[in-house]
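What follows is a short report on a single structure.
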Amino acid sequence: MLELEGVRAGYGGVDVLEGVHLRVSEGEVVALLGRNGAGKTTTLRAISGLIRVRAGAVRLGGERIDRLPPEAIVRRGLSHVPEGRQVFGDLTVAENLRMGAYARRGRSLRDQLDWVLELFPVLRQRYGQLAGTLSGGEQQMLAIARGLMARPRVLLVDEPSLGLSPRMVHTVFTVLARLREAGTTLLLVEQNAFRALGVADRAYVLKGGRVELEGSSEVLKTSPEVERLYLGA
Amino acid sequence: MDLRVLSDVLVGGLAAGAVYALMALGLVLIYKTTDVVNFGHGDIATVSTFVAYALAVQAGWPVLAAAVAALGFAALLGAVVELGLLQPARFRQASVLGLVVVTLGVGLTLNGLAGIVWGHDVKSFPFLLTGPPLRAGELTIPVDQILNLAAGVAIAAVLYAFFRFSDLGVAMRAVLSNRTAAELVGIPVRRVFALSWALGSVLGAVAGILAAPILYLEPNRMVDLLLRGFAAAVLGGMDSLPGAVAGGALLGVLENLAGTYGSIDLKASLAFVVIVLVLVVRPHGLLGAGRVRRA
Ligand SMILES: Nc1ncnc2c1ncn2[C@@H]1O[C@H](COP(=O)(O)OP(=O)(O)O)[C@@H](O)[C@H]1O
Ligand SMILES: [Mg+2]
């Protein structure tokens, strides 16, 4: 479904990613792990078109998307829930969700909205409220919900548990598990390696802009490298 | 105090204030969406008004048709400034100050062009509507004042509905709330920037065309109007569209009160006093979000 082949990208003149290869098959949940600064966020930004892919290829459902602007990539079915939530703070929860479906505007949002509000009941209570007034955990729910409103074929989620209370972290991972059961194709970036491996089928470990390690969650859970990552994080 | 004089002052003040508000709305819209204070706003309005003049007076079009065509011209001009100048500059990492200087350059260029094409002799500009004044009891309201008020109220209502209910209007607010997130949900941010420049320029042109019959037309005439638009925008908080409307109305009334009960000099300098006072005492104005960026 999603495929990266030797992707190089970065900021200014410097490449942060030095040839990243990874694959996410349809219906699969894949975790992207690594220390702070390993290039996880940069990888997601390159996939969704926020930064330019300097070399290599990104394919979505077999089609090259690495030269497309972000809006064209969303329209082809890829949603990116960014690090730090990035909700539209001056818009209401309802308007945030409506904007999540901007790429599909003109078509009915009813079913998608019902599903998303069922997945995140708290958003129903906050529906008319400005997103900026929500708690951090609620904003994270909203950010994921907004990403789902586009009915993506692939969902990228960047550090959804960052800065949340343990209870909220638990809620977020419960939601991710439900998305997995619903058959969502998911690429999940997390610092919390063991939590992430709990929902993921497979994982990649990024280091210095390259994939250092890949394998099934079962195998990686017992790997000393991941253990080090976990302790060192 | 004579009630009749007072009501004349109020209605006349609101009619002038409606024009200031339109000017301010254009400035605020562009500032809010693109972070750039447009110092070319007055000159874009002037040149657009000259286009209406050329069509109506020189080419003999019906004045309303000429005005509509001039608004189309303003939209195009605004979009060209954004797409042709500001976006390439942003792409090369220009600072906001650099972009503001670009708008200043655009204004000076347009001002020079207007002088070359239409000269510096003062021209009279036709009223869009003519007719007998409206009488309501003791009060008589000239038809041009009614037009200003109607245009101000109608445009404010349309803008409100646009930003509240339409996909594009909400998308414009989304862009200014969080640009990265806007890109990620698929809003074409560059086109939204161009659209707000087009819309902002149209609002300025409406103000210019409404003011020209009274102000007369000359390349430098709109400076006063621009400053009043600035004062209204600052008064309203610079980043608030309702604030711009309230600021314009308030400034118009205050000016008329100052002119009637104070002196004509006081009236003329009131806009500057307002700008300075607001920036010193309450930088986020009446309705601004209070997120004043400090240099
Ligand atoms: N906007 C930016 N400009 C310049 N360098 C950046 C920017 N964002 C990240 N970097 C650099 O890129 C590297 C990878 O960052 P990032 O992809 O955010 O890592 P991760 O998400 O794995 O923590 C880091 O060295 C970081 O300093
Ligand atoms: Mg990151």
Unique match (being more than 18 Å from the chain's Cα centre (by Cα) and at pLDDT below 95) among A:Gly62, A:Gly27, A:Gly37, A:Gly49: A:Gly62
Residues within the stretch A:1-28 that are within 16 Å of ligand 2 (Cβ to nearest atom) and among the hydroxyl-bearing types (Ser, Thr, Tyr), tallied: 1
Residue identified as more than 14 Å from chain A (Cβ to nearest Cβ) and farther than 21 Å from B:Ala66 by Cβ among B:Pro188, B:Pro142: B:Pro142
Condition met for B:Leu203 (crowded, with 24+ Cβ neighbours inside 10 Å and either more than 14 Å from chain A (Cβ to nearest Cβ) or at pLDDT 90 or above (or both)): yes
Failed condition for A:Thr92, given (1) away from chain B (no Cβ under 13 Å); (2) more than 22 Å from A:Asp158 (Cα to Cα); (3) among the polar types (S, T, N, Q): (1)
Meets criteria (more than 25 Å from A:Glu26 (Cβ to Cβ), of a type in the set (Lys, Arg) and open to solvent by less than 60 Å² (accessible area, probe 1.4 Å)) for A:Arg110: no
Test: A:Gly128 is away from ligand 1 (no atom under 16 Å from the Cβ), more than 8 Å from chain B (Cβ to nearest Cβ) and part of a helix (DSSP H, G or I): no
From the options A:Ala31, A:Ala55, residue that is open to solvent by 20 Å² or more (accessible area, probe 1.4 Å) and either within 16 Å of ligand 2 (Cβ to nearest atom) or within 23 Å of A:Gly208 (Cα to Cα) (or both): A:Ala55
Selection from the stretch A:95-104 of residues that are more than 20 Å from A:Gly128 (Cα to Cα) and either within 7 Å of chain B (Cβ to nearest Cβ) or open to solvent by 40 Å² or more (accessible area, probe 1.4 Å) (or both): A:Ala103
Any strands (runs of 3 or more DSSP E) falling wholly within the stretch A:1-83 and containing at least 2 residues that are within 13 Å of another protein chain (Cβ to nearest Cβ) and away from ligand 1 (no atom under 16 Å from the Cβ): A:78-81
Hits in the stretch A:173-202 - residues which are of a type in the set (A, V, I, L, M) and away from ligand 2 (no atom under 16 Å from the Cβ): A:Val175, A:Leu176, A:Ala177, A:Leu179, A:Ala182, A:Leu186, A:Leu197, A:Val199, A:Ala200
Residue identified as of a type in the set (Gly, Ala, Ser) and under 20 Å from A:Leu17 (Cα atoms) among A:Ala196, A:Ala177, A:Ala203: A:Ala203
Qualifying residue in the stretch A:203-212 (condition: open to solvent by 50 Å² or more (accessible area, probe 1.4 Å), among the aromatic types (Phe, Trp, Tyr) and within 16 Å of ligand 1 (Cβ to nearest atom)): no
Condition met for A:Leu156 (within 16 Å of ligand 1 (Cβ to nearest atom), within 14 Å of another protein chain (Cβ to nearest Cβ), touching a Leu at 6+ places or on another chain (Cβ under 8 Å) and more than 21 Å from A:Val93 (Cβ to Cβ)): yes
Of all residues making up the stretch A:114-132, the number that are among the acidic types (Asp, Glu) and within 14 Å of A:Ile144 (Cα to Cα): 1
Residue list for the stretch B:49-76, filter: in contact with a helix residue (DSSP H, G or I) (Cβ under 6 Å, 6 or more places away or on another chain) and touching a residue at least 24 places away in the same chain (Cβ under 8 Å): B:Thr49, B:Phe50, B:Ala52, B:Ala56, B:Val63, B:Ala67, B:Ala70, B:Leu71, B:Phe73, B:Ala74, B:Ala75
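Residues are listed down the side, and each one gets a yes or a no for (1) within 30 Å of B:Gly115 (Cβ to Cβ); (2) surrounded by fewer than 24 Cβ atoms within 10 Å (Cβ to Cβ); (3) not acidic (Asp, Glu):
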site: B:Val192; (1), (2), (3): no, yes, yes
site: B:Val234; (1), (2), (3): yes, no, yes
site: B:Gly237; (1), (2), (3): no, no, yes
site: B:Val253; (1), (2), (3): no, yes, yes
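The values are calculated or read from the model by the stated rules, or taken from the named source; none is laboratory data. Only a predicted model underlies this, so the values are computations on that prediction, with no experimental measurement involved. All Cβ positions, glycine included, derive from the backbone under ideal geometry; neighbour counts span all protein chains shown. For accessibility, only protein heavy atoms count, side chains too; no ligands or nucleic acids. Shrake-Rupley method; radii C 1.70, N 1.55, O 1.52, S 1.80 Å.
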